[in-house]
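The values are calculated or read from the model by the stated rules, or taken from the named source; none is laboratory data. Quantities reported herein were computed from a predicted structural model and do not represent experimental measurements. Ideal geometry is used to build each Cβ from the backbone, glycine not excepted, and the neighbour counts take in all protein chains shown. Surface accessibility is based on the protein's heavy atoms, side chains included, excluding ligands, DNA and RNA. Shrake-Rupley method; radii C 1.70, N 1.55, O 1.52, S 1.80 Å.
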Amino acid sequence: MPHSVTPPTEGASPLTVENPVAAQTTSQESTNTIDNEPAQGDVDAPMMDAPGPSTKKSMASKDKLEDLFAGMDSDDDDDEFPSSAAPAKKESMASKEKLEDLFAGMDSDDDDAAAPATSRTRVDHDSYLSAGVALQGSDPEVMRAFYQRLFPWRYLFQWLNHSPTPSNDFGHREFAFTLQNDAYLRYQSFQTSDLLRKDVLRLMPSRFEIGPVYTTNPRDRKTLRNSTGFKPLSKELCFDIDLTDYDEIRTCCDKANICNKCWQFITMAIKVVDVALREDFGFKHIMWVYSGRRGAHAWVCDKKARVMPDQKRRAIANYLEVIRGGAQSGKKVNLRRPLHPHLSRSLDILKSHFAEDVLEAQDPWGSNERAETLLKLLPDAKLTDALRKKWASSPGRPSTSKWADIDVVAKSGVNKKLDTRALLYAKQDIVLEYTYPRLDIEVSKKLNHLLKSPFVVHPGTGRVCVPIDVRTLEDFDPLSVPTVSQLVQEIDAWRGPENEAGQAPVQDWEKTSLKPHIERFRSFVIRLMKDERDPKDKVKRGRAEDGPDAMQF
């Protein structure tokens, strides 16, 4: 299933479900998928709307933004944060305790009676562990424990709302749920994070996506007399990088499989895109999130990015796109000279990765058959013939040597009329073809694109979609990202100090390896809200956005 969703062409026939809970138990043959939903603007198309929650909660006055910053250092250090989550009850599990005991003491609003039938199957936690079987992210009881006790609902709300006080930035935001049987619910909306949380616990979706903020509540779109009155107003500028787009050049893995060797392609891509967004476009609030399996997403949250129309989004996407063409299209990088400063800077960033992570780790031209791919990218026939003969006489010659052979043979005088400048340009294009980001630019082009929420659990791997710290990008290991079953076990195994009088209880997420990821997210959200409320910043931002040369491409 793709990470993001773009509405397909009109005429699709989605499944209409009056009772979304009942939809959980329908047969696989009768379910619809993400690809089968109608165009975003087709407000009269039959949709799978869940009934709205019956209650609403307002946030307490202590959630004012001023209180959020009390005691905070101006540097917003990621390592030191006072706990601001709601207190949670301490619980421990006996050696033979069942997983349902995780839910002891939960609010009656979230009991099993409101959950889908598929979520009522109980799992014996000890029998799983004794058998050496890992609890999967798709297990409904494990997922209930995660969303009930670990998911950062409060910070998700503040991130999307840009304020601790409820507003249309959150209330008119679209959410979409993928149910356990792959049925897909569009145009869900919630006034507070509590209401979103309760609906997630009631429906237990395998994942949920975040869409744009609309002119009105998405649930009310069918009541509008004029369908053109329902349209997207704003959404973060998003980017999607997936390792399957690197299958033709990575040799260690393919398809959904990944390892630390091929993850370096994602590392390269984040470095190049992040610096371009900051230095070339002036964006400040950029959050990178691990997709849970084989990729990464970028959320550009600056206001000037959120309100950009599709035309400007396409311009930025095209600015960053260098790799063009499919697996059979031959040369995929064809650049004009002199190189644009962005591309010169990218080459400087990528050249060390090309030597270490491509030539050495991937050995993309190790066999003579693969070496033909390299020869086709060189501009001189006599040079390629000489290289072909040299490599045929030395089977198994590694890619590092074959790359060095290009200059050695070129200098040997095999072709006295060799255009050395054309050869240099060709080598630069090759470096970019094997290292430059391969973006799914369709994700970035439109306001109405939906993208998987941070901190959801990938149903295939059980791993949580955690933020990536670009300051320590080289240290990020996707294979060590915590799984939902691991987190549940960490709560059980936690043996921390008793709380002293007057201290808030330790939150469940603070007992797990999810703690640094949530603290990083909280720090990002606080910085974003600070900028949103700073009058001086608003004046500066307004002038920049309203100026005659603002965001021109």
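Scanning the stretch 220-250 for residues that are over 20 Å from residue 443 (Cβ atoms), in contact with a strand residue (DSSP E or B) (Cβ under 9 Å, 6 or more places away or on another chain) and assigned to a loop (DSSP other than H, G, I, E, B) gives a single hit, 230. May I ask you to list the residues in the stretch 400-430 that are of a type in the set (Lys, Arg) and in contact (Cβ under 8 Å) with a residue 12 or more places away in the chain? Hits for the stretch 400-430 are 402, 427.
If you go through the stretch 164-186 and pick out every residue that is open to solvent by less than 10 Å² (accessible area, probe 1.4 Å) and either among the charged types (D, E, K, R) or farther than 30 Å from residue 530 by Cα (or both), you end up with 10. Taking the stretch 315-362 as the range and being more than 14 Å from residue 276 (Cα to Cα), touching a Leu at 6+ places or on another chain (Cβ under 8 Å) and among the charged types (D, E, K, R) as the test, only 331 passes. Only residues that are surrounded by fewer than 23 Cβ atoms within 10 Å (Cβ to Cβ) and assigned to a strand (DSSP E or B) were counted across the stretch 188-208, and they come to 2.
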